[in-house]
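**Student:** Take a look at the following structure, please.
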Amino acid sequence: MMHTSPRLLIVVNDATFFLSHRLPLAVGARAAGFDVHVATPRDVASKQIESAGFPLHPFPLTRRGTSPASEAKAIASLVALYRAVRPDVAHHVTAKGILYGGIAARVVGVPAVVHAVSGLGYVFISESARARALRSAIRAAYRVVTSHPNCAVIFQNDDDRRTFGAAIRTKRVVMIRGSGVDLGTFRPTPLPAGPPVVVLPSRMLWHKGVAEFVEAARLLRARGVSARFALVGGIDPGNPAAVPRATIDAWVSEGCVEWWGMRGDMPEVLASSTLVCLPSYREGMPKSLLEACAAGRGIVTTDVPGCRDVVGGGDHGVLVPARSGKALADALGPLLCDGAALERMGLAAARTASSYAIETVIERTIALYRELLEVARSRP
């Protein structure tokens, strides 16, 4: 039997990611009458989830771990958690959340399940033999978890949907492009005075194109381009693609880039920037670029899934090949010497922002919850 107020359990493999990408959804679902719970491994960000008024259910999970024993322990923990919480809807985010939460939902018999593919990450970017083997295993596992009798899968871009193809067994596939942007918080501001400031807002991961950004900064400095280049994001030691702190410190000592670390004031960071750059190898729908658009900043990014979806055919961004610092420098150089072009890009970017309003994302996701709950209620 379902709860009087439908109980929603959001399962994410990282508390910080929940705060940055799913907290507004949780708040919106609570306002819509859902009893919202959160399951995530406990870390320094966990207390902020509890402070926001959401019951937190920690479970053990190592994001970069592949030990059969530890992964089995994570699945068993989620099975026990689902039996205790008894969610009416389980919303799984990120690969391990989808796979392990999906297994637990099948075992326990959760009435309605949403799997949100927020990007395919390291396993689908790396070309190592191990990554290719894991890709095959993940597709096989997706066949299992998406065969739940009442589930939906959310994709953020068409490339990710095509990547999984027949591995998605449910017919209820929904395209919700991104996690949304709060247009009241991120607003267009005039470009700052002084030398141009190019920011790369991202976790410090190799596959975000951090090395290519640094190479482009070196090349442009050698070409005499007067600009500052800032890495804006924290180190993520739980990710196999993490850039070591010592490497970042060496870049900063060299003088080619600045490192501003993880910032909680991104509207102010974007207001102090001239151009936003994300040379990523693959994304779902990068929130950093959507926030840049809302702040009225032009973007230079790579012609890869997710990033190219933000630029489309618009005048607010430039696409370059991935994994090429030279191509990035060749695109950035002329722009940084053309203030009028930067102004035009910023104005065009601001015009696109309404397409990514957080309210739209929340409304569509809650509508999906209600649709699945109605199906669950109609079953004997």
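The values are calculated or read from the model by the stated rules, or taken from the named source; none is laboratory data. This is a predicted model, so every value here is computed, not measured. No Cβ is skipped: glycine too gets one built from the backbone with ideal geometry, and neighbour counts run over all protein chains shown.
**Student:** Based on what the data block shows, is Gly178 free of Cβ contacts under 8 Å to residues at least 24 places away in the same chain and either touching a helix residue (DSSP H, G or I) at 6+ places or on another chain (Cβ under 7 Å) or farther than 17 Å from Glu254 by Cα (or both)? Give the derivation first.
**Tutor:** Numbers: free of Cβ contacts under 8 Å to residues at least 24 places away in the same chain: no; either touching a helix residue (DSSP H, G or I) at 6+ places or on another chain (Cβ under 7 Å) or farther than 17 Å from Glu254 by Cα (or both): yes.
When the stated conditions are applied, Gly178 does not pass them.
**Student:** Something else: State whether one or more residues within the stretch 14-33 are outside any strand (DSSP E or B), more than 23 Å from the chain's Cα centre (by Cα) and under 18 Å from Ser179 (Cβ atoms).
**Tutor:** Going residue by residue through the stretch 14-33, those that are outside any strand (DSSP E or B) are 14-33.
Next cut, more than 23 Å from the chain's Cα centre (by Cα) only: 31-33.
Keeping just the survivors that are under 18 Å from Ser179 (Cβ atoms) gives 31-32.
Yes, because at least one residue in the stretch 14-33 is outside any strand (DSSP E or B), more than 23 Å from the chain's Cα centre (by Cα) and under 18 Å from Ser179 (Cβ atoms).
**Student:** Related question: Quick check on my filter: what residues within the stretch 1-21 are of a type in the set (D, E, K, R) and closer than 20 Å to Glu371 by Cα? Walk me through it before giving the result.
**Tutor:** Taking the stretch 1-21 as the starting set, the residues that turn out to be of a type in the set (D, E, K, R) are 7, 14.
Residue satisfying the conditions is Arg7 alone.
**Student:** Further question: For residues in the stretch 42-84 being closer than 15 Å to Leu19 by Cβ and basic (Lys, Arg), which is surrounded by the most Cβ atoms within 10 Å (Cβ to Cβ)?
**Tutor:** Applying the filter and picking the extreme gives Arg42.
**Student:** Kindly provide the set of residues from the stretch 295-316 that are more than 27 Å from His115 (Cα to Cα) and within 17 Å of the chain's Cα centre (by Cα), ordered by number.
**Tutor:** Within the stretch 295-316, Thr301 is the sole residue that qualifies.
**Student:** Tell me the residue from Ala32, Ala74, Ala69 that is in contact with a Leu (Cβ under 6 Å, 6 or more places away or on another chain) and of a type outside the set (Val, Ile, Thr), please. Steps first, answer last, please.
**Tutor:** Working: Ala32 fails: in contact with a Leu (Cβ under 6 Å, 6 or more places away or on another chain); Ala69 fails: in contact with a Leu (Cβ under 6 Å, 6 or more places away or on another chain).
Just one listed residue meets the conditions, Ala74.
**Student:** For the stretch 265-276, indicate whether the set of residues that are of a type in the set (D, E, K, R) and free of Cβ contacts under 8 Å to residues at least 60 places away in the same chain is non-empty.
**Tutor:** yes
**Student:** Can you tell which of His21, His37 is out of contact with any Cys (no Cβ under 9 Å at 6 or more places or on another chain), in the same structural domain as His91 (by TED's automatic domain parsing) and in contact (Cβ under 8 Å) with a residue 60 or more places away in the chain? Show your work before the answer.
**Tutor:** Working: His37 fails: in contact (Cβ under 8 Å) with a residue 60 or more places away in the chain.
Step by step, each of His21, His37 is checked, and only His21 is out of contact with any Cys (no Cβ under 9 Å at 6 or more places or on another chain), in the same structural domain as His91 (by TED's automatic domain parsing) and in contact (Cβ under 8 Å) with a residue 60 or more places away in the chain.
**Student:** Any idea which of (1) outside the structural domain of Glu371 (by TED's automatic domain parsing); (2) more than 23 Å from Ala152 (Cα to Cα) is the one Leu61 doesn't satisfy?
**Tutor:** (1)
**Student:** Can I ask one more? State the number of residues belonging to the stretch 59-104 that are over 24 Å from Pro149 (Cβ atoms), of a type in the set (D, E, K, R) and part of a loop (DSSP other than H, G, I, E, B).
**Tutor:** Looking only at that region, the number is 2.
**Student:** Moving on. Quick check on this structure: which one of Ala241, Ala217, Ala246, Ala271 is in the same structural domain as Cys307 (by TED's automatic domain parsing), more than 27 Å from Lys326 (Cβ to Cβ) and of a type in the set (Gly, Ala, Ser)?
**Tutor:** On the way: Ala241 fails: more than 27 Å from Lys326 (Cβ to Cβ); Ala217 fails: more than 27 Å from Lys326 (Cβ to Cβ); Ala246 fails: more than 27 Å from Lys326 (Cβ to Cβ).
So the residue among Ala241, Ala217, Ala246, Ala271 that is in the same structural domain as Cys307 (by TED's automatic domain parsing), more than 27 Å from Lys326 (Cβ to Cβ) and of a type in the set (Gly, Ala, Ser) is Ala271.
**Student:** From the list Ala348, Ala327, Ala357, which residue is under 21 Å from the mean Cα position of the chain (by Cα) and at negative phi?
**Tutor:** Among Ala348, Ala327, Ala357, only Ala357 is under 21 Å from the mean Cα position of the chain (by Cα) and at negative phi.
**Student:** Across the stretch 105-150, which residue is modelled with the lowest pLDDT among those that are farther than 30 Å from Ala242 by Cα, out of contact with any Lys or Arg (no Cβ under 7 Å at 6 or more places or on another chain) and not in a loop (DSSP other than H, G, I, E, B)?
**Tutor:** Val144
**Student:** Right, something else. If you check Thr170, Thr163, which single one turns out to be among the polar types (S, T, N, Q), surrounded by 14 or more Cβ atoms within 10 Å (Cβ to Cβ) and touching a Cys at 6+ places or on another chain (Cβ under 9 Å)?
**Tutor:** The match here is Thr170.
**Student:** When you check Leu342 against the structure, is it farther than 22 Å from Pro196 by Cα, in contact with a strand residue (DSSP E or B) (Cβ under 7 Å, 6 or more places away or on another chain) and at pLDDT 95 or above, yes or no?
**Tutor:** No.
**Student:** Out of the residues in the stretch 183-203 that are more than 16 Å from Gly298 (Cα to Cα) and polar (S, T, N, Q), state the one that is surrounded by the most Cβ atoms within 10 Å (Cβ to Cβ).
**Tutor:** Here the answer is Ser202.
**Student:** State which residue is farthest from Arg187 (Cα to Cα) when the search covers only the stretch 340-360 and only residues that are hydroxyl-bearing (Ser, Thr, Tyr) and surrounded by 14 or more Cβ atoms within 10 Å (Cβ to Cβ).
**Tutor:** If we take residues in the stretch 340-360 being hydroxyl-bearing (Ser, Thr, Tyr) and surrounded by 14 or more Cβ atoms within 10 Å (Cβ to Cβ), then Thr360 is farthest from Arg187 (Cα to Cα).
**Student:** Name the one entry in Arg377, Arg370 that is at pLDDT below 95, part of a helix (DSSP H, G or I), more than 14 Å from Ile176 (Cα to Cα) and among the charged types (D, E, K, R).
**Tutor:** Step by step, each of Arg377, Arg370 is checked, and only Arg377 is at pLDDT below 95, part of a helix (DSSP H, G or I), more than 14 Å from Ile176 (Cα to Cα) and among the charged types (D, E, K, R).
**Student:** State whether one or more residues within the stretch 322-334 are over 18 Å from His207 (Cα atoms), in contact (Cβ under 8 Å) with a residue 60 or more places away in the chain and surrounded by fewer than 20 Cβ atoms within 10 Å (Cβ to Cβ).
**Tutor:** Within the stretch 322-334, one or more residues are over 18 Å from His207 (Cα atoms), in contact (Cβ under 8 Å) with a residue 60 or more places away in the chain and surrounded by fewer than 20 Cβ atoms within 10 Å (Cβ to Cβ).
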